[in-house]
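Q: Please find one structure pasted underneath; my questions will follow.
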Amino acid sequence: MPPPWRTATREERSTPRHEIDKGTFEQHVRFFNQGAVIFKENDDGSEMFIIIQGIVEIRKSTGQSSSKILTTLQKGDMFGEMAIIEKQPRSASAIAVQPTGCWCSTRSSTRT
């Protein structure tokens, strides 16, 4: 299945799937400038993100003014979900390496 922001091929259109209307999708998109902190380590984790454009680094603090890059994420990657699943503070920080757009879902919108 293609991500909801990409036009489906003929084969993909014939496969049943859950649809997200454009208005609902756009209400959940957030943009971050280069260098913006998306969330900080130890913040309350009430949102998860899927990258629709850009690059995000996940960093873990190693001291008062230093950090280690744990991973670098790109278009299609998801992050921030562990804080929702575990109901714990963020275990690392997320930083936009370049201008980045993310689809954002809150804890309350993920309940079924």
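Q: Please tell me if Ile38 is within 21 Å of Gln27 (Cα to Cα) and β-branched (Val, Ile, Thr).
A: yes
Q: Considering only the stretch 4-41, state which residues are more than 23 Å from Phe79 (Cβ to Cβ), modelled with pLDDT of 60 or more and of a type in the set (Val, Ile, Thr).
A: Once the filter is applied, which keeps residues that are more than 23 Å from Phe79 (Cβ to Cβ), modelled with pLDDT of 60 or more and of a type in the set (Val, Ile, Thr), the stretch 4-41 yields Thr7, Thr9.
Q: Follow-up question, since we're still on this one. Of all residues being in contact with a Gly (Cβ under 8 Å, 6 or more places away or on another chain) and part of a loop (DSSP other than H, G, I, E, B) in the stretch 44-73, which is nearest to Ser105 (Cα to Cα)? Just the residue, please. Break it down stepwise before answering.
A: Narrowing the stretch 44-73 to residues in contact with a Gly (Cβ under 8 Å, 6 or more places away or on another chain): 45, 47-54.
Narrowing further to those that are part of a loop (DSSP other than H, G, I, E, B): 45, 54.
On the way: Gly45: 11, Gly54: 18 Å.
Only one residue fits best here, namely Gly45.
Q: Under the condition of being surrounded by 14 or more Cβ atoms within 10 Å (Cβ to Cβ) and among the basic types (Lys, Arg), which residue from the stretch 80-107 is nearest to Val29 (Cα to Cα)?
A: Applying the filter and picking the extreme gives Arg107.
Q: Among what's in the stretch 42-79 and is of a type in the set (Asp, Glu) and at pLDDT below 95, pick the residue that is surrounded by the fewest Cβ atoms within 10 Å (Cβ to Cβ).
A: My answer is Asp44.
Q: Let me spell it out: the conditions are (1) in a strand (DSSP E or B); (2) touching a helix residue (DSSP H, G or I) at 6+ places or on another chain (Cβ under 7 Å); (3) at pLDDT below 90; (4) not aromatic (Phe, Trp, Tyr), and Ser105 meets all of them except one. Which number is the exception?
A: Looking at each condition in turn, Ser105 falls short on (2).
The values are calculated or read from the model by the stated rules, or taken from the named source; none is laboratory data. Everything numeric in this text was worked out from a predicted model, so none of it was measured. We place every Cβ from the backbone using ideal geometry, glycine too, and count neighbours over all the protein chains shown.
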